[in-house]
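The block underneath contains the structure these notes are about, expressed in structure tokens.
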Amino acid sequence: MTHPFYLRILTIFGLMFALASCAVPLGDPVSRASNSTESAPNIIWIIADDQAYGDFGFMGHDLVRTPNLDKLASESALFPNGYVPSSLCRASLATLITGKYAFDHGICFNDPPDGIPHSATFRFLEMQEPIPRALMAKGYRSLQTGKFWEGIYTNGGFTDGMTQGTRHGDAGLRIGRKTMEPIEQFLGAVGNDPFFIWFAPYLPHAPFDAVEAYKEPFRGKGLGKREIGYYANISWLDDTVGQLMDLLQKSGQADDTVIMFIVDNGWLPNRDGESFRDLQGRDLRFDARSKQSPYEGGVRTPIFVRWPGRIEPSRYDDLVSSIDFFPTTLAFAGAPQNNQLPGKNLRPFVDRHASMAPRTVFGEIYYHTSVDLDDPKINMTHRWARNGDWKLILNDHDEGRPELYHLLSDPDEKENLAGHPEHAKRVQAIRAEIEEWWPR
């Protein structure tokens, strides 16, 4: 019979042997956890300016030339059904930088009412926490380039920038069209700090002044002068994206940089527009089916997210929105989420750790020039929502008259189905969603 003392000794030696034999495996989880704690990546938002959602090679256009964007899209999580809530550039850009709808951040216009200086509208962004400021807590330096309406770049929380305070973005508009040097200098100076770059070149926006080499491939194809200029400017935009990626490669940062792409609003080159009068009797003009409209040509945009080796390239039909950029960027930076924001963090989805639940995306359309700075409802022309393949537009110039479109069978929104009795419940249901979303 074995003495209890010896049993205790054997037990102790057995435990020691077991621990020793497991030393490497026990250490592995710690090592794996350490390796899985990724350093904060650099983040770049590429924001095209006035480009229709289908006018890319990767979206199937048979004339435009976008090889650099096509390559990035092929390496990304691509969402062809992306949206911006407002198809007016200043309101749209303000939604990106704040993560809020225009009725919430207050920038529901491009220009203030007559007689009020542009600088008087900077107060709206001053009341927000823009994404560059939110990233500061994680040690990010940030660079503003291109279109920026909200005064000097520091108003947006950027540590570095180009814009000094005038309407569209003054010196910032030189990026891509004239120079890429500010980005090159920033990449050389940022050191080991993670960085965020707002890359919003004034392209393919008019003026259509691309050099002849960009226009020549589109001549002789029955295109009008504006179409040729627009397509040439798209090629020019694509080249600036190639230059940006070359600078990233040169700096050694390309593989550790998240690229997020979007367009501020759509634009169609051959529409003359239609006129209507605002509440003050002023005659306004806008492209009836694109910029400053609630139609797909104005509010739809492809969105893609690229992070080499981290995000598996794939194409998703899920509905996403520009309000998702802010929370998704916070997630990439390892920053805490702001639960007061309406957008969705797309990172778990693009990382394939979760599936995206069906959602309705919403939007709001405003006058180019504000009627009342402090009352978004007076400035509003339309509200809209997309639910699945269905889109409802409420025309608030006409007592909320509905337009209902089935986008799968009618992508150009030519047949308004709202008056058909069989769709009455659908109109009622989506209208109720819009009214619940819209602030009372």
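The values are calculated or read from the model by the stated rules, or taken from the named source; none is laboratory data. Just so we're clear, the structure is a prediction, and the values are computed from it rather than from any experiment. Virtual Cβ from ideal backbone geometry, glycine too; neighbours counted across all protein chains shown. The accessibility values were calculated without ligands, DNA or RNA, using every heavy atom of the protein model including side chains. Shrake-Rupley method; radii C 1.70, N 1.55, O 1.52, S 1.80 Å.
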### Task
Taking only Cα atoms and a 10 Å spring cutoff, compute GNM fluctuations for the chain and point out the largest among ALA189, ALA171, ALA385.
ALA189
### Task
Would you mind checking LYS100/LYS138; LYS250/LYS291; LYS215/LYS414; LYS147/LYS291; LYS178/LYS221 for any pair whose Cα atoms are more than 26 angstrom apart?
LYS250/LYS291; LYS215/LYS414; LYS178/LYS221
### Message
Give me the net charge for the shell around ARG177: Cβ to Cβ below 14 angstrom, other residues only, Lys and Arg +1, Asp and Glu -1.
### Response
-4
### Query
Pick from HIS61, HIS205, HIS118: which residue has the top mean-square fluctuation in a GNM of the chain where Cα pairs under 10 Å get a spring?
HIS61
### Chain lengthening between THR166 and GLU422 when straightened (0.36 nm per residue, less Cα-Cα)
87.0 nm
### Query
Given the convex hull over the Cα atoms of the stretch 350-409, what projected area results after averaging over all orientations, in nm²?
6.5 nm²
### Query
To the nearest 10 square angstrom, how much accessible area does GLU436 have with a 1.4 angstrom probe?
140 Å²
### Message
Helix-only estimate, please: 222 nm mean residue ellipticity of the chain, summing -39500 (n - 2.57) across DSSP H runs of length 4 or more and dividing by its residues, to the nearest 500.
### Response
-9000 deg cm²/dmol
## Note on the structure
Taking placed amide H atoms and a strict 5 Å upper bound, the residues 5 or more places from LYS344 or on another chain that come that close are ASP324
### Message
How large is the Rg to Rh ratio of the chain when both quantities use alpha carbon positions and Rh follows Kirkwood?
### Response
1.08
### Summary
For ASP55, ASP255, the accessible-area ranking with a 1.4 Å probe, largest leading, is ASP255, ASP55
### Local electrostatic count at LYS414 - Lys and Arg +1, Asp and Glu -1, tallied over other residues with Cβ under 13 Å
-4
### Task
Quickly work out the SER251-to-LYS414 label distance, labels modelled 7 Å from Cα along the C-beta direction, and quote it in nm with one decimal.
4.7 nm
### Query
How much of SER235 can a 1.4 Å solvent probe reach, expressed as accessible area in Å² and rounded to 10?
10 Å²
### Summary
Order by accessible surface, 1.4 Å probe, largest leading, for residues TYR367, TYR153 comes to TYR153, TYR367
### Query
Percent of accessible area on the chain owned by carbon and sulfur, 1.4 Å probe?
52 percent
#### Entry: With all protein chains modelled, accessible area of TRP390 [1.4 Å, Å²]
40 Å²
### Query
Averaged per residue, what accessible surface does the chain expose to a 1.4 Å probe, in Å²?
44 Å²
### Query
Taking the Cβ of ARG133 as the center, what net charge do the other residues with Cβ under 15 Å away carry, scoring Lys and Arg +1 and Asp and Glu -1?
-1
### Summary
Plugging the Cβ-Cβ distance of ASP318 and GLU433 into 1/(1 + (r/R0)^6) at R0 = 22 Å yields, to the nearest 0.05, a FRET efficiency of 0.80
